[in-house]
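Derivation of every value follows stated rules applied to the coordinates shown; laboratory data play no part. Please read all numbers here as calculations on a predicted model, not as lab measurements. Glycine gets a Cβ as well: all are built from the backbone with ideal geometry, and neighbour counts include every protein chain shown.
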């Protein structure tokens with residue numbers, strides 16, 4: 001396990017993150033969001049789920065910095081999902097309290113994360129290996145920190161919004177039917193996900209335990225807003241949707257997220273995705289949600305961004321993935 005270098009002049013202790021740190025890390029994460037005016041917030045429950053589900057083993061892939069008074073002032077995480085894909089990516093996150101920035105912690109934890117990610121990738125057999133970081137385009141200081149370490153911007157993302165007070169058109173369901181999500185649909189939806197996203201940049205397939213841990217058992221998942229499309233007796237599309245109430249105060253409204261939307265290739269361009277979106281938005285609106293949100297690759301090979309624009313979504317904020325290759 002790598003340990004970050006303590007910046008000169010600082011009294012800092014380092015330790016891996018544990019679920020017991022969830023409340024303190026949540027508070028730090030949200031303080032950063034308030035300062036940087038970014039939209040995402042995390043409750044203690046959501047943070048605990050991330051620590052237990054994404055960053056394992058925690059003693060190798062997380063680190064927390066505490067000041068002399070024992071307060072959490074920074075943390076870093078490294079996420080890698082094992083896959084048989086030809087490309088592997090390890091994602092880094094570095095969070096430093098605004099009052100503790102520009103004192104070397106940002107640099108130290110970033111170096112720790114890069115070194116940890118490099119070790120992870122070198123144990124994997126793959127044609128290409130990358131270290132990646134995702135952050136909002138407005139976070140220019142973060143971009144500079146990665147740029148000097150050889151990272152380059154490689155992909156741009158839109159977070160899009162759609163007010164649910166606007167009319168939602170019904171969509172003819174020709175040869176298929178959209179039905180409410182039931183527990184039995186979970187595994188079928190996973191297979192659709194693996195098929196639908198096989199040609200998407202940066203996507204990797206999920207096995208059943210990973211799908212359940214990261215999607216179905218996540219605190220944000222809401223089956224009451226989620227649907228599947230059935231055609232010829234098979235699930236051919238899904239919309240697995242989420243809510244993050246911790247974001248609502250910063251957003252000034254309630255929001256529901258189209259967390260995952262996929263249609264198998266043979267059924268594309270036949271209105272399935274549009275119908276799934278319409279059902280999802282109506283369900284959210286009927287439950288009092290103000291706006292629907294969705295994230296999309298700005299250069300999606302399937303043209304998903306144009307689909308969303310066509311049903312009223314507009315870009316609210318942009319983000320960028322930066323990466324560098326590991327030989």
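Results, tabulated for the structure shown:
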quantity: Fewest-first sequence of 48, 224 by Cβ atoms within 10 Å of each Cβ; calculated: 224, 48
quantity: Using a Förster distance of 45 Å, the FRET efficiency for residue 139-residue 269 (Cβ separation, nearest 0.05); calculated: 0.80
quantity: Stretchable slack from residue 119 to residue 299, in nm (0.36 nm times residue separation minus alpha-carbon distance); calculated: 61.8 nm
quantity: Helix axis angle, 22-36 relative to the chain longest principal axis, alpha carbon, degrees; calculated: 80 degrees
quantity: Centroid-to-centroid separation of segment 93-150 and segment 166-241 [C-alpha atoms, Å]; calculated: 32 Å
quantity: Segment 180-254: translational diffusion in µm²/s, Stokes-Einstein, Kirkwood Rh over Cα pairs, 10 °C, 1.306 mPa s; calculated: 117 µm²/s
quantity: For the chain, built as a Gaussian network whose Cα springs stay under 10 Å, the top-fluctuating residue of 317, 258, 236; calculated: 317
quantity: FRET E, pair residue 11, residue 128, Förster distance 41 Å, beta-carbon r, rounded to 0.05; calculated: 0.50
quantity: Helix 186-196 axis, angle to the chain major axis (alpha carbon atoms, nearest 10°); calculated: 80 degrees
quantity: Bridge type composition, segment 13-150 - antiparallel percent by DSSP, nearest 5; calculated: 70 percent
quantity: Mean Cα-pair separation over length for segment 13-150, i.e. relative contact order, pairs under 8 Å, 6 or more apart, %; calculated: 22 percent
quantity: Residue order, fewest to most beta carbons within 10 Å, for 87, 166, 40; calculated: 166, 87, 40
quantity: Label of the coordinate-derived value, P(r) over Cα pairs in 10 Å bins from 0, in percent, listed as (1) 6, 26, 35, 22, 6, 3, 2, 0, 0; (2) 5, 24, 34, 24, 10, 2, 0; (3) 5, 22, 29, 21, 10, 5, 3, 3, 1, 1, 0; calculated: (2)
quantity: Stretchable slack from residue 147 to residue 199, in nm (0.36 nm times residue separation minus alpha-carbon distance); calculated: 15.9 nm
quantity: Segment 160-316: C-alpha pair distances exceeding 21 Å, %; calculated: 42 percent
quantity: Residue-span extension gain [residue 187 to residue 167] - 0.36 nm each, minus C-alpha spacing; calculated: 3.9 nm
quantity: Segment 11-82: proportion of alpha-carbon pairs further apart than 18 angstrom, %; calculated: 38 percent
quantity: Peptides ranked, highest mean first, by Cβ atoms within 10 Å: ranges 246-256, 72-82; calculated: 72-82, 246-256
quantity: Sequence of 226, 170 once ranked by neighbouring C-beta atoms within 10 Å, starting from the fewest; calculated: 170, 226
